[in-house]
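The structure appears right after this line, and notes come after that.
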Amino acid sequence: MQWKEILIRYGELSTKGRNRHAFTGRLRDNIRYAFADLPKFKIITERDRMFIQPDDQETMDQLIKRLPNIFGIQSFSPVASCSHELEDIKQTAIKIIESLDRIDKTFKVTVKRSYKPFEMETNELQQFVGSHVLRTFQEIQVQMKKPDINLHVEVRKDAVYMMAQVIPGAGGLPIGSNGKSLLMLSGGIDSPVAGYQMLKRGVRLDAIHFYSPPYTSELSKEKVMDLAEKLSRFGASVKLHVIPFTAIQQEIQRQIPENVSMTTTRRMMLKIADLVREETGALAIITGESLGQVASQTLESLTAINAITSTPVLRPLIAFDKQDIIEIAQEIDTYEVSIRPYEDCCTIFTPASPKTKPKLEKVEFYESFKSFDEMIDEAVSEREIIVFPKKKQDKFSDLL
Amino acid sequence: MYYFDHSATTKPDKVVLETFVKVNEEFFANPASLHVMGVDSHVLLSRARKQVSDMLGTEMNKVIFTSGGTESNHFAIHGLALKLHARGKHIITSSIEHPSVLESMKQLEKQGFEVDYLAVDEKGLISVEEVKARLRKDTIIVSIMHINNELGSRQPIKRLSEVIHQNSRALFHVDAVQSFGKYPVSFTELGADVLTLSGHKFNGLKGTGIVAWQNHVSFEPIIVGGGQEFGLRSGTVPVAQAVAFAKAMRLAFEKQPQMLEKYKQWNERLRQSMSEYKEVQILSPEDAAAHILTVSVKEIKGEVLVNALQARDIIVSTSSACSSKQTKISHVIQAIGVSDSYKKGVIRISFGTSNHDQQIDYFIEQFSIIINQLKGE
């Protein structure tokens with residue numbers, strides 16, 4: 001049996017009114033971008049659905065395997081094609097049904113006959129296909145209203161097209177349809193998940209990471225790069241900004257009382273992130289904070305930290321339980337990377353008992369003895385920028 | 001010398017050797033080290049692992065590098081048995097497996113496992129029905145080789161995996177040492193749960209191999225220590241060997257379709273010429289793997305044939321290299337029931353990437369001279 005094309009349903013997109021065109025165009029571009037490594041294929045965009053037509057089976061298989069990762073797709077169906085021969089139609093129908101789960105399922109055939117010279121009438125063909133399928137698979141039953149399996153048969157001039165399987169897509173909105181934001185990427189379990197949640201809502205990502213050599217190792221940076229790479233697999237590139245943070249952290253150790261040093265550290269990070277955000281044209285900052293998870297994520301702490309900027313700080317995980325976050329992390333394949341045991345800049349200077357209810361006035365008071373602005377500007381201007389997915393060329397390629 | 005013993009081993013590809021040397025020179029650091037050089041080694045090792053897992057169709061963290069086919073088979077069988085013994089202690093294998101499998105099974109028998117050794121027919125094939133009949137609730141492992149090293153018989157692996165998975169919870173290990181690079185080998189192609197490969201069978205280095213598995217499989221480690229290779233095989237990972245393996249594997253993978261066409265042509269030509277002598281019996285079945293052709297000459301010792309061909313610059317072996325120095329008749333030849341007058345005269349001709357068309361012409365010509373001489377006596 002030959003798969004001929006893939007039908008894509010938009011879901012939420014089709015309700016977007018006059019903006020719909022921008023959204024479907026974005027989806028088309030994202031699909032092209034995500035499959036740039038495959039041979040070129042044709043995309044036909046219609047009002048409420050899209051067709052992808054690859055030239056060969058291998059590309060087809062790759063598409064079916066990878067499409068569930070693309071945001072903005074409600075579901076999709078591989079469409080098979082066969083000749084106008086009745087025997088061929090019969091066999092194709094049986095092969096399609098064969099590939100599905102049939103136990104206790106209900107079934108119907110829908111026929112569309114746009115090629116009128118075809119030898120059978122619509123109803124005749126419907127019965128022809130239906131009866132053969134039922135005879136072959138005793139376990140399924142006919143049901144006209146809301147069947148589990150709806151076998152669509154469409155007779156067009158060039159061939160007969162058939163589909164039955166509906167594969168769920170990732171849902172959400174096409175990446176880029178909701179602007180760009182800056183993700184604070186620590187290397188832990190939560191931040192990549194927060195990034196993923198926003199990607200799903202159509203937000204394009206830049207990421208920022210605070211790097212404190214020699215307290216944190218090359219491997220911890222490697223880990224964050226791997227996470228950024230994972231996030232770039234969802235159909236849009238991710239630009240990672242690595243901020244040299246050692247000097248600022250050491251200064252905080254010197255200047256700020258230990259039990260509020262954590263709050264100040266977070267405030268400085270947010271301040272730096274806000275500067276980078278402004279420079280890159282991002283609109284909001286995203287964090288993986290979840291209420292009450294650690295000392296810096298109590299409402300009091302969040303208030304004291306957030307006071308440093310008026311930029312919207314998006315916290316998609318604020319009401320998530322840790323276990324739920326872990327499950328998503330496993331689903332999106334970042335968990336294994338996140339649990340690599342390297343120190344990051346948040347864990348290395350952690351005081352024994354940080355304040356869970358820091359007072360904003362007090363924190364501001366301690367910070368007033370020393371201006372961090374110069375150090376912050378320097379850190380921002382000396383940041384390293386890495387774009388994912390990385391360009392192919394690398395020092396190992398000739399070895400493998 | 002014209003080399004026709006590729007099933008014993010192959011000559012390492014030049015670029016594989018270059019890779020090996022270059023990695024040793026430039027990326028010798030321990031991939032577990034925290035420093036920059038260690039990170040480089042680690043990244044390179046991961047890339048090699050990814051290349052291997054991509055070709056076999058599994059996840060990157062489902063591949064470990066080993067010292068070769070024997071270790072891989074040993075790890076696969078013992079590692080699974082240790083992990084699964086609480087579920088059952090019954091194992092199924094065939095009587096014509098490689099010694100690394102058969103001897104592992106014997107070890108397990110001593111530890112209280114029960115092993116069924118399936119007989120093969122005259123074509124060297126096990127019966128799918130028999131496997132089905134022998135599967136039990138407590139069967140934990142079925143281990144069957146893809147292509148037999150002495151005969152080239154190809155087991156119906158895809159059908160076996162369907163039968164095994166439909167009728168039991170057993171995991172299916174396939175020794176694909178003789179098949180990778182000659183026939184398509186992947187998890188989708190074969191349906192296996194665990195695959196084992198050896199580098200030196202496809203122009204890689206001796207001392208390199210892998211075990212790969214599908215998502216649902218897990219093992220108990222045999223070698224413990226620093227926890228390298230996901231804790232499954234401790235010991236500093238030899239990055240150069242791993243990268244050389246990945247490279248040899250890619251080259252073999254890319255050449256496989258066109259080489260198979262060649263092997264088929266050569267096999268057909270040799271069969272045709274051999275069939276002209278009534279004292280030569282072709283032991284490899286018609287539908288066996290094209291790169292292995294095992295024949296026997298009546299009332300002549302295999303060793304005599306090896307020497308006679310060698311005098312004419314042709315290298316072949318008597319059955320497998322592992323057993324050819326022993327004087328006893330190989331367990332595979334016993335298993336397919338070769339008649340007494342042919343048992344001792346077995347030679348194996350195995351093709352590889354170093355052969356070409358003219359060598360086949362030469363072989364046919366020289367073989368005919370030798371046979372006529374031996375007949376004349």
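What to note about this one:
- Extension gain (nm, one decimal) between B:LYS50 and B:LYS328, 0.36 nm per residue minus Cα-Cα: 95.8 nm
- Working value for segment A:111-254: equivalent-ellipsoid semi-axes of 58, 16, 12 Å, each the square root of 5 times a Cα gyration tensor eigenvalue, largest first.
- Listed peptides A:120-131, B:178-189 by packing density, highest first (mean Cβ within 10 Å): B:178-189, A:120-131
- For segment B:91-134, the square roots of the Cα gyration tensor eigenvalues, ordered a ≥ b ≥ c, give a/c of at least 1.5 with a/b no greater than b/c, which places it in the oblate category.
- Counting, for every residue in B:37-46, the Cβ atoms of other protein chains within 10 Å of its Cβ and taking the mean gives 3.
- B:HIS216, B:HIS78 arranged by Cβ crowding within 10 Å, fewest neighbours leading: B:HIS216, B:HIS78
- In chain B, Cα pairs under 8 Å separated by at least six residues give a relative contact order of 23 percent.
- Spin-label model, A:GLN330 to B:ASP357: label points 7 Å out along the Cα-to-beta-carbon direction sit 5.8 nm apart.
- Put simply, the Cα atoms of the protein assembly as shown extend 109, 73, 51 Å along their principal axes, the longest span coming first.
- Distance between segment B:91-158 and segment A:35-97 - C-alpha centres, whole angstrom: 41 Å
- A Förster radius of 22 Å combined with the Cβ-Cβ distance from A:THR45 to A:LYS157 puts the calculated FRET efficiency at roughly 0.50.
- DSSP-loop GluC sites (Glu not before Pro) across segment A:81-112, with at most 16 other Cβ within 10 angstrom: A:GLU85
- Beta bridge orientation in chain B: antiparallel %, DSSP, nearest 5: 45 percent
- Radius ratio Rg over Rh of chain A, counting only Cα atoms, Kirkwood formula for Rh: 1.11
- Distances between placed amide hydrogens fall under 5 Å for A:GLY169 paired with A:SER75, A:PHE76, all partners being 5 or more residues away or on another chain.
- For A:THR110, distant residues with modelled amide H under 5 Å away: A:LEU151, A:HIS152, A:VAL153
- Dipole of segment A:2-171 [Lys/Arg +1, Asp/Glu -1 at C-beta], most positive-end residue of A:ILE94, A:GLY11, A:PHE76: A:GLY11
- Kirkwood-Stokes translational diffusion coefficient of segment A:2-171, alpha-carbon pairs, 10 °C, 1.306 mPa s, µm²/s: 93 µm²/s
- Value of Rg/Rh across segment B:14-252 [Cα atoms, Kirkwood radius]: 0.98
- Principal axis dimensions, largest first and in whole angstrom, of segment A:261-400 by Cα: 58, 39, 31
- Order of B:LYS110, B:LYS206, A:LYS221 under a 10 Å beta carbon neighbour criterion, fewest first: B:LYS110, B:LYS206, A:LYS221
- Across all directions, the shadow cast by the convex hull of segment B:179-280 built on its C-alpha atoms averages 9.3 square nanometres.
- Here the peptides A:184-196, A:229-241 are ranked by packing, the mean other Cβ count within 10 Å, and the order with the highest first is A:184-196, A:229-241.
Every read-out reported here was derived from the displayed coordinates using simple, explicitly stated rules and does not represent laboratory data. Being a predicted model, the structure only gives us computed values, none of them experimental. Note that we place each Cβ from the backbone using ideal geometry, even for glycine, and neighbour counts take in every protein chain shown.
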